[in-house]
């Protein structure tokens, strides 16, 4: 473990990095152990973070990253040129397909995707994608379109720290099935999802910067009924082409 400096600011930043790295919830004792600091010191620093909204209380006296920190992160990401470059493309996809289009940025620190731009269609969705919303990578096509292109060690860490069942009652596939699905996403260049029980379908493709660094994804989400496989395939190719166009622009801007 790296030595923690004695200053209060250094310790606070150290705590934020630990919280962002996961898992989703930390007990005071666990966080103090990970930080290498006395529990009384961690408790004092957490009080400051709680007041600012950067940290929130979770279930069973645990702590988690706060919505204010997610909001600040999305604002910083939104200043990146990719967001301005992507918005006309999102509008184009939304107009052409009459569905909601979404741009997500990948946060390596939090190991999550963050929604940074949305163009909403007239068709209602079971739930809305809002700017600043965090997405766990193993769930859904948006997250998996990013997860598939991370380093093997990072994929393993993310899967290990992810709950096997979501709050909606869905279960993750077996590790073998997940690896097979991620390999298929890498081959196709996009991820698609169809959940008739959730009345939601979608397709997403990864965005890369220079040296194939994963930056995020662009995707389209829609009600799953009526579901038209051929139209879904054509949409997937359109989304993949859009992601490649953004990747080219991002690679130029990050060199």
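The values are calculated or read from the model by the stated rules, or taken from the named source; none is laboratory data. For clarity, every value in this text was computed on a predicted model and none was experimentally measured. Glycine also receives a Cβ, built like all others from the backbone with ideal geometry; neighbour counts cover every protein chain displayed.
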Exercise for review: May I ask you to say which residue of 3, 56 is modelled with pLDDT under 80 and either assigned by TED's automatic domain parsing to the domain that holds residue 200 or not in a helix (DSSP H, G or I) (or both)?
Suggested key: 3
Review point. Are any residues in region 46-66 farther than 20 Å from residue 10 by Cα, surrounded by fewer than 15 Cβ atoms within 10 Å (Cβ to Cβ) and touching a strand residue (DSSP E or B) at 6+ places or on another chain (Cβ under 9 Å), and if so, which ones?
Key: 57, 58, 60, 61
Check your understanding: From the list 86, 94, 105, which residue is farther than 21 Å from residue 213 by Cα, modelled with pLDDT of 85 or more and either in contact with a strand residue (DSSP E or B) (Cβ under 8 Å, 6 or more places away or on another chain) or in a loop (DSSP other than H, G, I, E, B) (or both)?
Key -> 94
Revision key, fill the gap. Per the list (1) at pLDDT below 85; (2) within 20 Å of the chain's Cα centre (by Cα); (3) assigned to a helix (DSSP H, G or I), residue check on residue 156 breaks on (1)
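One line per residue, one yes/no per condition, for (1) at pLDDT 80 or above; (2) more than 21 Å from residue 18 (Cα to Cα):
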| position | (1), (2) |
| --- | --- |
| 40 | yes, no |
| 46 | yes, no |
| 72 | no, no |
| 76 | no, no |
| 109 | no, no |
| 126 | no, yes |
